[in-house]
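These notes concern the structure reproduced below.
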Amino acid sequence: MRAAWKELRYRLEYVGLLLAGKIVPLLPRATIVVLAKICGAIASRIDTRGRSIALANLDCAFPGKYSTSEKSRIIRQSYQHFAQTMLDLMWSPRLTPKNFLRYIEFEGFPEVDPNKNGIIVCYHYSNFEWASLGCGFRGRPSNIIAQEFKNPLLDPIFRRWREQSGHVFSARTGGILRLFKTLRRGGNIAMLVDLTVFPGPAAVAIRCFGMHTSVTSAHAWLQQRSGAALIPAHCEPLPRGRYRVVFHPPIDLGPNASPREVAQACWDSFEPVVRAQPGPWMWMYKHWRYHPKNPDRPYPFYSYYTGKFERLIAQK
């Protein structure tokens with residue numbers, strides 16, 4: 001019975017996404033912006049579990065800084081930005097090489113040498129999907145690893161939207177080797193690096209808002225073995241549903257830097273952005289899934305101790 005319901009649910013999700021993919025591009029841009037604000041505001045109220053996670057994250061990241069009403073505003077904005085990102089991805093067939101600059105502008109892009117391949121590291125901040133599409137339209141298509149959906153019927157739809165500006169998306173299984181081969185051939189790659197990963201061999205422990213967290217070390221490993229430029233970037237919202245993709249100065253700590261030091265430097269280039277404008281970050285995500293045995297500050301309620309994370313923190 002459970003398997004039958006799961007299959008039905010997957011089919012309904014597939015049909016719903018297909019319909020949304022047909023309808024959303026027909027809507028005016030201004031309507032998409034308003035719809036995202038409405039949907040995000042509603043989601044921030046009815047998703048009680050996500051809201052509790054977001055509230056705990058804000059309390060631990062900014063202890064005593066924000067009032068109850070200010071935290072509610074930030075959480076609502078976080079949901080609204082995520083809703084905008086998903087609706088914009090559905091609307092993205094309206095983007096073309098001729099019109100994308102109406103909606104996406106760039107800062108620091110000339111600093112990226114077009115003759116040298118690069119590793120762009122991004123974050124779930126504002127419209128990370130359009131940041132990717134914009135770079136492709138601007139002339140830097142990349143090979144990108146994407147997390148597969150639990151519902152495999154959805155993967156081809158999202159892949160079609162994400163690849164329309166020239167990118168190539170592939171599954172996580174064997175993905176790092178494919179990225180390395182892309183760099184060896186002189187190509188570009190991009191990665192989202194602010195998600196919590198299991199504290200295993202492919203992870204490093206960094207400080208994020210003063211708390212330890214476990215993130216991927218893949219971008220550091222790839223830079224050290226390929227010599228490619230490592231460039232953090234983020235997307236920030238502008239009025240009327242427009243965006244700016246901001247490229248940070250390349251991270252180059254030398255050949256003797258550890259993967260942990262490289263990953264920390266990437267995060268350190270981005271954290272001031274979130275501190276200045278916290279709303280666009282994905283606060284409803286479990287950014288601090290693990291905590292040390294004897295933490296030096298409070299961690300969110302969902303965090304738990306594991307010896308693997310303790311050993312990861314002890315590594316240099």
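How many of the residues in region 234-272 are assigned to a strand (DSSP E or B) and of a type outside the set (D, E, K, R)? Count: 9. Within region 1-50, the residues that satisfy the criterion of being among the β-branched types (Val, Ile, Thr), in contact (Cβ under 8 Å) with a residue 12 or more places away in the chain and within 12 Å of MET90 (Cα to Cα) are VAL24, ILE32.
Does SER165 qualify as being small (Gly, Ala, Ser), surrounded by 16 or more Cβ atoms within 10 Å (Cβ to Cβ) and either at pLDDT 95 or above or more than 17 Å from the chain's Cα centre (by Cα) (or both)? Taking the combined requirement at face value, the residue satisfies it. Just give me the residues in region 123-159 being under 21 Å from CYS235 (Cβ atoms) and over 18 Å from the mean Cα position of the chain (by Cα), in sequence order. Correct list: PHE137, ARG138, GLY139, ARG140.
Conditions tested, residue by residue: (1) of a type in the set (Gly, Ala, Ser); (2) modelled with pLDDT of 95 or more; (3) farther than 30 Å from THR31 by Cα.
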| position | (1), (2), (3) |
| --- | --- |
| ASN188 | no, no, yes |
| PRO201 | no, no, yes |
| VAL204 | no, yes, yes |
| ALA218 | yes, no, yes |
| TRP221 | no, no, yes |
| SER226 | yes, no, yes |
| ALA229 | yes, no, yes |
| ALA233 | yes, yes, no |
| TYR243 | no, yes, no |
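When region 232-262 is filtered for residues that are within 13 Å of VAL193 (Cβ to Cβ) and under 15 Å from the mean Cα position of the chain (by Cα), the ones remaining, listed by number, are PRO232, ALA233, HIS234. For GLY254, the criteria (1) surrounded by fewer than 16 Cβ atoms within 10 Å (Cβ to Cβ); (2) closer than 14 Å to ILE74 by Cβ hold in every case but one, which is (2).
Would you confirm, using the coordinates I've provided, whether LEU177 is among the aliphatic types (A, V, I, L, M) and exposed (fewer than 15 other Cβ atoms within 10 Å of the Cβ)? So LEU177 fits the description; yes. Within region 278-315, the residues that satisfy the criterion of being surrounded by 21 or more Cβ atoms within 10 Å (Cβ to Cβ) and in a helix (DSSP H, G or I) are PHE309, LEU312.
Is it the case that some residue within region 260-268 is buried (at least 19 other Cβ atoms within 10 Å of the Cβ), closer than 30 Å to ARG102 by Cβ and β-branched (Val, Ile, Thr)? So far as region 260-268 goes, no, none of its residues is buried (at least 19 other Cβ atoms within 10 Å of the Cβ), closer than 30 Å to ARG102 by Cβ and β-branched (Val, Ile, Thr). Residue check: VAL121 meets all listed conditions (1) closer than 15 Å to ARG29 by Cβ; (2) part of a strand (DSSP E or B) but one, namely (1). Pairing each residue of region 189-200 that is over 19 Å from ASN143 (Cα atoms) and free of Cβ contacts under 8 Å to residues at least 60 places away in the same chain with any residue that is of a type in the set (A, V, I, L, M) and not in a loop (DSSP other than H, G, I, E, B), provided the two are 6+ apart or on different chains, yields C-beta distances under 9 Å for VAL197/ALA203; VAL197/VAL215.
The set of residues from region 59-106 being among the charged types (D, E, K, R) and not in a helix (DSSP H, G or I) comprises LYS65, LYS98, GLU105.
Just give me the residues in region 8-57 being among the charged types (D, E, K, R) and loosely packed, with under 12 Cβ neighbours inside 10 Å, in sequence order.
First, pick out the residues of region 8-57 that are among the charged types (D, E, K, R): 9, 11, 13, 22, 29, 37, 45, 47, 49, 51.
Those that are among the charged types (D, E, K, R) and loosely packed, with under 12 Cβ neighbours inside 10 Å: ARG9, LYS22, ARG49.
Can you tell me which residues in region 168-210 are among the small types (Gly, Ala, Ser), farther than 30 Å from ARG275 by Cβ and over 18 Å from the mean Cα position of the chain (by Cα)? Scanning region 168-210 gives GLY174, GLY186, GLY187.
The values are calculated or read from the model by the stated rules, or taken from the named source; none is laboratory data. Fair warning: this is a prediction, and the values are worked out from it, not measured in the lab. Neighbour counts are summed over all protein chains in view; Cβ atoms, including those assigned to glycine, are modelled from backbone coordinates with ideal geometry.
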